[in-house]
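A short worksheet on the structure shown next.
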Amino acid sequence: MREVIEPTIQTPFELVDIEYGKLGGDMVLSIFVDKPGGISLNDTADLTEVISPLLDTIQPDPFPEQYFLEVTSPGLERPLKTKEQMLGAIGKYIHVGLYQAIDKQKVFEGTLLAFEDDVLQVEYMDKTRKKEVAIPYNLVSKARLAVKI
């Protein structure tokens, strides 16, 4: 999917993620796209017109069932699925889930201070104290931007 769709997503747009799954009783192919300043409803409509015909050219058909195509913004809590996206999140508040616990924790939420040598350096609050944790990238099961409350 990514190999077919990504070349059609031109600058300033960025393909963030692709998900396929059940929503209610329907199958939905969600294509998350962003650009600096965010995307508009017109942007999503224009991109849908470009992407939809491309999906029909993929053989064998990866989606034999009827599905809905959704081109949308990743929102405020956009996923961080690549090292490049992680680098772009330096200085931002993130949520990180781990495959394996570090200091007896499998979830950290805090500011990404650095991402060097495949290690995330995250500053987080432990009750009332600021702490830092080094998280090897290969332990990250899921990461996303987070909204600080």
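The values are calculated or read from the model by the stated rules, or taken from the named source; none is laboratory data. Nothing here was measured: the structure is a model prediction, and the numbers come from that model. Here the Cβ positions follow ideal geometry from the backbone for every residue, glycine too, while neighbour counts run over all protein chains shown.
If you filter the stretch 1-46 down to residues that are within 24 Å of GLN66 (Cβ to Cβ) and aromatic (Phe, Trp, Tyr), you find that the one that is surrounded by the fewest Cβ atoms within 10 Å (Cβ to Cβ) is TYR20. Against the numbered list (1) in contact (Cβ under 8 Å) with a residue 40 or more places away in the chain; (2) surrounded by 14 or more Cβ atoms within 10 Å (Cβ to Cβ); (3) outside the structural domain of LEU139 (by TED's automatic domain parsing), LEU98 comes up short only at (3). Scanning the stretch 11-60 for residues that are of a type in the set (Asp, Glu), assigned to a strand (DSSP E or B) and within 27 Å of LEU145 (Cβ to Cβ) returns GLU14, ASP17, GLU19, ASP34. Quick check: is even one residue across the stretch 37-46 touching a strand residue (DSSP E or B) at 6+ places or on another chain (Cβ under 6 Å), at pLDDT below 95, closer than 16 Å to MET1 by Cβ and not small (Gly, Ala, Ser)? No, the stretch 37-46 contains no residue that is touching a strand residue (DSSP E or B) at 6+ places or on another chain (Cβ under 6 Å), at pLDDT below 95, closer than 16 Å to MET1 by Cβ and not small (Gly, Ala, Ser). Of the residues contained in the stretch 102-122, none is found to be under 19 Å from PHE32 (Cα atoms), outside any helix (DSSP H, G or I) and outside the structural domain of MET27 (by TED's automatic domain parsing).
Inside the stretch 79-93, can you point out the residues that are out of contact with any Asp or Glu (no Cβ under 7 Å at 6 or more places or on another chain) and outside any loop (DSSP other than H, G, I, E, B)? Across the stretch 79-93, the qualifying residues are LYS83, GLU84, GLN85, MET86, LEU87, GLY88, TYR93. Across the stretch 102-149, the number of residues qualifying as out of contact with any Leu (no Cβ under 6 Å at 6 or more places or on another chain) and more than 22 Å from LEU87 (Cβ to Cβ) comes to 11. When PHE68 is tested against (1) hydrophobic (A, V, I, L, M, F, W, C); (2) under 23 Å from LEU15 (Cβ atoms); (3) surrounded by 12 or more Cβ atoms within 10 Å (Cβ to Cβ), just one condition goes unmet, and that condition is (3).
Of all residues in the stretch 105-118, those being surrounded by 15 or more Cβ atoms within 10 Å (Cβ to Cβ) and in contact with a helix residue (DSSP H, G or I) (Cβ under 7 Å, 6 or more places away or on another chain) number 1.
Among the numbered conditions (1) in the same structural domain as GLY38 (by TED's automatic domain parsing); (2) closer than 30 Å to ASN42 by Cβ, the only one that PRO64 does not meet is (2). When you look at LYS92, is it exposed (fewer than 11 other Cβ atoms within 10 Å of the Cβ), charged (D, E, K, R) and in the same structural domain as VAL119 (by TED's automatic domain parsing), yes or no? The answer is no for LYS92. The one condition from (1) under 18 Å from MET1 (Cα atoms); (2) in contact (Cβ under 8 Å) with a residue 12 or more places away in the chain that ASP61 does not meet is (2).
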